[in-house]
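The values are calculated or read from the model by the stated rules, or taken from the named source; none is laboratory data. Keep in mind that this is a model prediction, so the values were computed, not measured. All Cβ positions, glycine included, derive from the backbone under ideal geometry; neighbour counts span all protein chains shown.
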Amino acid sequence: YFIEGHVPIEAINKLLKEQPADNIIALMGQFASDNRATKVDLGVGVYKNQSGVTPIMGAVKKAQALLLESQVSKSYVGLLGNLNFVQSMKNLILSDSLRSENFVGAQAPGGTGSLHQMFLLLRAANPNITVWISNPTWPNHPSMLRHLGIEFRYYRYFSEETGSTDFDGMMSDLAEAKCNDVILLHGCCHNPTGANLSVGEWDSISQLCLKNEIIPLVDLAYQGFGDGLEEDVLGLRRMAGLVPELIIAASCSKNFGLYRDRVGVALYLNEDKKVLSLTSDNLKSVNRLTYSFPPDWGATVVSTILNDSGLRADWNEEVQDIRSSITHLRLGLRDALKRATNSDRFAFLGEHKGMFSRLGLTKGQVDLLRKDHAIYMVGDSRINIAGLNEKSVNVLANAVAKIL
Ligand code: LMR
């Protein structure tokens with residue numbers, strides 16, 4: 001096929017279309033090619049320590065060492081992946097919820113992989129499904145849905161004026177969701193706004209799902225980065241006790257620092273054993289048709305940590321340290337911006353949780369920060385607080401004051 005003179009690529013050229021760039025991924029490339037020594041990366045959601053390194057967690061290192069010693073085979077595990085991992089993740093996420101035994105699940109490559117497999121499952125169950133997503137949301141939500149040909153609509157979520165959630169707007173938009181539609185919710189630490197629902201608001205959404213037979217799908221990518229491993233899933237756990245059917249797509253990228261190892265879990269809760277068995281079979285099938293077997297290493301590292309009391313205690317402490325450091329930087333940035341701008345305009349930062357907040361700057365101002373100050377953030381002015389350090393907090397605050 002590749003003999004000289006034969007140009008198969010021409011045929012491909014005619015068929016392929018240019019793809020829109022993902023803003024977050026494009027920014028990673030732009031940052032990498034910037035030669036300025038003072039550059040600051042507040043783009044992609046990755047935790048960095050004070051030296052700018054995304055470290056491998058101590059518990060992960062120890063679990064990896066144990067596995068290197070004890071693992072005797074690299075043969076296939078199964079289409080649903082490591083079931084011990086799936087069970088342990090279910091316990092981590094839902095341990096207190098009423099119906100948490102009535103579930104099935106599959107290991108998947110990262111939170112994105114878990115979402116993808118659940119989207120495939122939903123589309124197979126109902127090709128006319130509509131998925132409701134928050135406005136704004138993680139840009140890959142609409143992109144993946146568009147790619148899979150699944151209809152989606154936005155619900156209001158965030159008020160630019162108050163810098164917090166617009167719960168009334170959200171509920172009034174979701175009142176239009178039809179029976180069997182899906183609501184995609186962020187489990188905690190909303191991406192990109194950092195503004196979150198209260199437990200009471202989670203309850204109201206659960207009641208709406210119950211009343212109008214809407215299926216909640218919860219994307220949980222930052223458990224432990226907001227208020228705590230338990231606290232961050234209080235609303236979700238209550239939801240699990242209230243609604244008849246619940247889907248969760250969870251990621252271990254952030255809270256286990258396993259970004260590149262692609263570790264995630266897709267869970268489906270229901271009391272009906274027949275539906276559970278059918279769902280499990282379908283999860284096996286979508287895995288088989290997508291990549292056959294999910295990658296084992298990272299998931300087995302996570303299940304090793306979660307099932308060893310010493311490693312789990314180490315991990316808990318490390319998550320707590322990351323969370324304290326993010327909160328410290330977040331409050332430090334709020335105070336530095338107050339000093340630099342002589343205003344309370346950025347006080348909302350103190351109310352937000354997790355890695356992200358949006359500064360509320362225009363696209364032009366974001367461009368200026370990049371061009372004149374080598375500070376990189378997503379075009380909607382989302383910053384990754386976990387990418388800051390003691391020094392860059394002030395660099396950012398002073399630069400923002402200059403461009404305002
Ligand atoms: C982010 O929003 O920056 C992270 O979730 C990483 C990603 O894949 O976009």
Residue in the stretch 82-92 that is at positive phi and outside any strand (DSSP E or B) present:
no
What do you reckon, is Ser114 of a type in the set (S, T, N, Q), more than 16 Å from the ligand (Cβ to nearest atom), touching a residue at least 12 places away in the same chain (Cβ under 8 Å) and surrounded by 13 or more Cβ atoms within 10 Å (Cβ to Cβ)?
no
Filter the stretch 75-114 for residues that are modelled with pLDDT under 95 and among the hydroxyl-bearing types (Ser, Thr, Tyr); which is nearest to Arg288 (Cα to Cα)?
Ser100
Could you list, in sequence order, the residues of the stretch 337-369 that are among the small types (Gly, Ala, Ser), closer than 24 Å to Thr165 by Cα and in a helix (DSSP H, G or I)?
Ala347, Gly350
Taking the stretch 218-234 on its own, how many of its residues are of a type outside the set (Ser, Thr, Tyr), crowded, with 23+ Cβ neighbours inside 10 Å and in contact (Cβ under 8 Å) with a residue 40 or more places away in the chain?
9
Working carefully through the options Val263, Val243, find the one that is away from the ligand (no atom under 16 Å from the Cβ), modelled with pLDDT of 95 or more and β-branched (Val, Ile, Thr).
Val243
Which members of the stretch 47-81 meet the condition of being part of a helix (DSSP H, G or I) and hydrophobic (A, V, I, L, M, F, W, C)?
Ala59, Val60, Ala63, Ala65, Leu66, Leu67, Leu68
Could you please give the count of residues in the stretch 316-341 that are surrounded by 15 or more Cβ atoms within 10 Å (Cβ to Cβ), of a type in the set (D, E, K, R) and touching a residue at least 24 places away in the same chain (Cβ under 8 Å)?
3
It is to be established whether one or more residues within the stretch 195-208 are within 16 Å of the ligand (Cβ to nearest atom), within 22 Å of Phe85 (Cβ to Cβ) and modelled with pLDDT of 95 or more.
no
Any idea which residue in the stretch 11-46 is farthest from Arg382 (Cα to Cα), counting only those that are assigned to a helix (DSSP H, G or I) and away from the ligand (no atom under 16 Å from the Cβ)?
Ala11
Kindly indicate whether any position in the stretch 201-213 is in contact with a Ser or Thr (Cβ under 9 Å, 6 or more places away or on another chain), assigned to a loop (DSSP other than H, G, I, E, B) and not polar (S, T, N, Q).
no
Answer residue from the stretch 352-391, given it is surrounded by 22 or more Cβ atoms within 10 Å (Cβ to Cβ) and polar (S, T, N, Q) and is nearest to the ligand (Cβ to nearest atom) among those
Asn384
If I go through the stretch 246-283 residue by residue, how many of them are of a type in the set (D, E, K, R) and surrounded by 18 or more Cβ atoms within 10 Å (Cβ to Cβ)?
3
Using the structure shown, decide if Ile403 is in contact (Cβ under 8 Å) with a residue 12 or more places away in the chain and either touching a His at 6+ places or on another chain (Cβ under 9 Å) or of a type in the set (Lys, Arg) (or both).
yes
Among helices (runs of 4 or more DSSP H) entirely within the stretch 95-196, at least 2 residues that are among the charged types (D, E, K, R) occur in 167-174
Could you check the stretch 140-190 and list, in sequence order, the residues that are within 16 Å of the ligand (Cβ to nearest atom) and crowded, with 20+ Cβ neighbours inside 10 Å?
His141, Leu145, Tyr157, Phe158, Leu184, Leu185, His186, Gly187, Cys188, Cys189, His190
Restricted to the stretch 370-396, and to residues that are farther than 23 Å from His328 by Cα and in a helix (DSSP H, G or I), which residue is farthest from the chain's Cα centre (by Cα)?
Asp372
Tyr222 passes all but one of (1) at pLDDT below 95; (2) closer than 16 Å to Met89 by Cα; which number fails?
(1)
